[in-house]
1. Can you pull out every residue in region 62-94 that is at pLDDT 90 or above and among the hydrophobic types (A, V, I, L, M, F, W, C)?
2. Would you please name the residue that is surrounded by the most Cβ atoms within 10 Å (Cβ to Cβ), looking only at residues in region 134-154 that are modelled with pLDDT of 80 or more and closer than 18 Å to residue 37 by Cβ?
3. Just to be sure, is residue 99 under 30 Å from residue 47 (Cβ atoms) and either under 20 Å from the mean Cα position of the chain (by Cα) or among the β-branched types (Val, Ile, Thr) (or both)?
4. Checking residue 114 against (1) out of contact with any helix residue (DSSP H, G or I) (no Cβ under 9 Å at 6 or more places or on another chain); (2) closer than 30 Å to residue 158 by Cα: exactly one of these is not met. Which one?
5. I'd like the full set of residues that are aromatic (Phe, Trp, Tyr) and out of contact with any helix residue (DSSP H, G or I) (no Cβ under 6 Å at 6 or more places or on another chain), limited to region 91-105.
6. Say we look at region 89-103 and pick out the residues that are free of Cβ contacts under 8 Å to residues at least 12 places away in the same chain and of a type in the set (Ser, Thr, Tyr); which of these is surrounded by the most Cβ atoms within 10 Å (Cβ to Cβ)?
7. Going residue by residue through region 31-42, is there one that turns out to be at pLDDT 85 or above, touching a Cys at 6+ places or on another chain (Cβ under 7 Å) and not acidic (Asp, Glu)?
Amino acid sequence: MSPVQKILKTLENSEPPFDGLCHACESQQATFSTPFRVSIMVERIVEEGGEIRPSIAGGIALKKGKSEETWEQLRFPLLLCENCQRSFERSRKWWQMKTKLKSLSMVILLLGFLVLSYFNMEAVAVLSGVFAVVGIIAFAMQHRVNSQVDTFIQRWIYNIRWIPETLETEEEFTVKVGESSPFEPVISIK
């Protein structure tokens, strides 16, 4: 069975790692459940290339080839005890704040650069080259280091059996996190 099939089977049967124990500390019963949805691209079919057509106005219009994608959805809960849930929510809020601060700092840097360029064109010419090189290096490092999963999410879901294997074998996927809710374990009588 593939890792995805193993996850689905254990979810269906409420077996470990989805038996009600906290996924983070693995020592207490879970009291909160946070839904995760992983969309995995299974197949992409691309028709033979596109077209290049001259337009009547003298320009050239590029038309991309059509493509069809098939995605598979994997839904699973992150089960956490009360202490781990507090830690999860703190890391989620910190990540959201950090993302907003990054955007704000970029706007402030842009405004500062525009003010500087208005008053001192020579310094702008020198700084433009330096900023371009630093920006290209930072951009390349970010793409090399970051995976498709936010770092705050990795910490929580990479401890769940078969999740890391599933995500590492896939080339294109997205991960969405829902809102947490109280977890009620399913009691089955056999």
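The values are calculated or read from the model by the stated rules, or taken from the named source; none is laboratory data. Everything numeric in this text was worked out from a predicted model, so none of it was measured. Glycine also receives a Cβ, built like all others from the backbone with ideal geometry; neighbour counts cover every protein chain displayed.
1. Result: 74, 76, 78, 79, 80, 81, 84, 88, 94.
2. The extreme case among them is 153.
3. Details: under 30 Å from residue 47 (Cβ atoms): no; either under 20 Å from the mean Cα position of the chain (by Cα) or among the β-branched types (Val, Ile, Thr) (or both): yes.
No: the conditions fail for residue 99.
4. Status for residue 114: all satisfied but (2).
5. Of the residues in region 91-105, the ones aromatic (Phe, Trp, Tyr) are 94-95.
Passing the criteria: only 94.
6. Applying the first criterion (free of Cβ contacts under 8 Å to residues at least 12 places away in the same chain) to region 89-103 yields 90, 93, 96-103.
Restricting the remaining residues to those that are of a type in the set (Ser, Thr, Tyr) gives 99, 103.
Details: 99: 11, 103: 9.
Ranking the qualifying residues of region 89-103, first place goes to 99.
7. yes
Residue-by-condition table, conditions (1) closer than 25 Å to residue 174 by Cα; (2) surrounded by 10 or more Cβ atoms within 10 Å (Cβ to Cβ); (3) acidic (Asp, Glu):
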site: 73; (1), (2), (3): yes, no, no
site: 76; (1), (2), (3): yes, yes, no
site: 87; (1), (2), (3): yes, yes, no
site: 105; (1), (2), (3): no, yes, no
site: 119; (1), (2), (3): no, no, no
site: 131; (1), (2), (3): no, yes, no
